[in-house]
Amino acid sequence: MTEAMTGDCLFCSMVDREIEPDVVHETATTLAFRDINPQAPTHVLVVPKTHHRDVAALAAADAGLLSDVFRAVAAVVEQEGLEGRYRLVFNTGAEAGQSVFHVHAHVLGGRPFGWPPG
């Protein structure tokens, strides 16, 4: 069961091409595009094409689609030449930095990352 979108969702608008993202990879179920405010030389967002609020909601609703998201991440990592040198982030909730409430994976690479993260 897909969570219903509430209000205006930026990423749903991108999936529907009402707003044209800088697409780097697309499948029948996922869309990957460059972040408009990159935090690393490579910063790609991977989203499912159906609306789910966060990664926990997606995992509960559709484990197969969650797997599709991770396969799309792997394809982006390969395409962008990041193998073994990237960070994958899912922010969940406003306090964790989630600002668009449509689950999305941040694929970051191209520079060193510190630990713990900010």
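Data for the structure
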{"read-out": "Within the chain, longest stretch clear of exposed GluC sites (Glu not before Pro) (DSSP loop, no more than 11 other Cβ within 10 Å)", "value": "19-82"}
{"read-out": "³J(HN,Hα), Karplus 6.51/-1.76/1.60, whole Hz, each residue of segment 9-20, x for Gly, Pro", "value": "10, 3, 6, 5, 5, 6, 4, 7, 6, 5, 10, 8"}
{"read-out": "With Cα atoms, 0 to 90° folded angle of helix 63-79 axis to the chain main axis", "value": "30 degrees"}
{"read-out": "Between segment 75-113 and segment 1-72, the alpha-carbon center distance in angstrom", "value": "12 Å"}
{"read-out": "Residue-averaged 222 nm ellipticity for the chain, from DSSP H runs of 4+ at -39500 (n - 2.57), nearest 500", "value": "-7500 deg cm²/dmol"}
{"read-out": "P(r) of the chain over all Cα-Cα pairs, binned every 10 Å from zero, in whole percent", "value": "14, 48, 34, 5"}
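Here, each number is a calculation from the coordinates, and none is a lab measurement. Since the structure is predicted, the reported quantities are computational estimates derived from the model, not experimental observations. With ideal geometry, Cβ positions are generated from the backbone for all residues, glycine too; neighbour counts draw on all protein chains shown.
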